[in-house]
Amino acid sequence: MTFQQALIALKARWWVALLTLVVCSVLGFVVTELMTPKFTSTATVLLDPKSSEVTGQINPAGLSPTFVGTQVEIVTSHRVALKVAKNLKLADNAKIREQFLEATKGRGSIDDWAADFISTPLKVKPAKEGTLLELEYKHPDPRYATAMANGFAQAYIDTTLELKNNPAKDVAHWFDGQLKTLRADLERAQQRLSEFQRNNGIVATDERIDVENSKLQELTTQVITLQGQSTDLQGRQRQVEDAIRQGRPLDDIPEVANNGIVMGLRTELVRTEGKLKEMQAQFGDNYPAYQRAVEEAGEVRRRLKTEMQNIAQTVANSAHQASQREGSARSQAAAQKARVLEIKHQRDELQILLRDQESAQRGYDSALARFTQTSMESQSGQTNVALLTPAVEPLYPSSPRMLVNMLVAGFVGTMLGIGLAIGLELIDARIRSGEDVADSLGLVLLGSLEKAKVKKSSAAKTKRSGWWSRRGGPGSRPGLFRRRGGASAAA
């Protein structure tokens, strides 16, 4: 069926479409009048994106659709509905209890059943932009709808507070246990540090190591100086010993060459020997004065030899003392070096103990700060959800809406009437146009005769023409013939 044929069929069966429209409209009106009026009460809550009221930090995911969707799921959860049922004491309501017994035969919990029962009419609508939630509750009783809307809003706020505080309480309890352990570790670290400082007499480690290093440097310098002196004296001692052993003079030894007594004795010896030579030449060897001069010269030689031996002994003693002083300085330097190494070792151990104490202190301070924060959050009565607009008792019902229902009934009646008219045409098909004739006979349509427009004065002629056309004569209208078995007579 083409669109043109459908229009012709609707024009012919307009009464079917009109009747269907009227029936649907009447039914819509009757059904609307018979429906129980329901009132919708709305409460609006505001979601604050702050993650913590204590720190005031902003939660980056607070404005995300996921966060808002999660809040919608919380509002419509069984936990919130159960809290509403307990807050409103629905279990004590006789009508609710009667409905519970009728529905469950007394099985299960009336609070759980009431929670599921009252959560069905609730609708939560998040705002398109922002973090607002609208809690709509529909019921025939406006006061009941208002009480439920406000009850769900308050239960949602309380549940949000519980969901925030309960984990914070658990975390605070866990941190409390950890603080005891960390405090004990800190006390043990401090005790070990104090005992180590007390046992080793450590007051200021850096100053102490500086003083001991200075002493070590002084002793090292002293050892080097004494080593040089000892080496020099030992060399002169060996020179003296070699000279005495070989009978050589000791004039090249500084202690001998620079000694005043030796120089005086040598001068006296030279004078005496010169006098002896003169007296020997003048008086001979047997002259008494010469003999006295010989004895005097021998005495000077003995005194000179004795003095030189004393000087050699002095050199040997000086070399020995220098060696002893060098050994003592070396011992003191070695002891000082060991002391410095011991102090460095103590300082390393002290640094380890200090690091242990500092680590224990940082861990304790961090845990104490987190414990304080979580403890405050667990005791906080604030939540990131606030009741923006409480529900008020509606004055007019939200459903049924007469205008909307009548428009829907009119639309449905129109569509249904058109469908019925076309359906009847398909069931009881008639020839209403040249296309119907061509389709029925399988022939090509060459032309058609339209009804002529006549004046009122020629009414009789028009009447006879109409009678002739009903007999199948010229000017007959195809719409008066039925199609039987797919074929019919054509003019």
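Each of Asp428, Asp112 was scored by other Cβ atoms within 10 Å of its Cβ. Listed from fewest to most, they are Asp428, Asp112. Counting Lys and Arg as +1 and Asp and Glu as -1, what is the net charge of the other residues whose Cβ lies under 14 Å from the Cβ of Ser77? Every neighbour counted, the sum reads -3. Can you give the translational diffusion coefficient of segment 295-401 in µm²/s, computed by Stokes-Einstein from the Kirkwood radius over Cα pairs at 10 °C and 1.306 mPa s? Using the Kirkwood radius from Cα pairs, D works out to 64 µm²/s.
FYI, it's all coordinate maths here, none of it is from the lab. The model shown is predicted, which means the values in this text are computed figures rather than measured ones. Note that we place each Cβ from the backbone using ideal geometry, even for glycine, and neighbour counts take in every protein chain shown.
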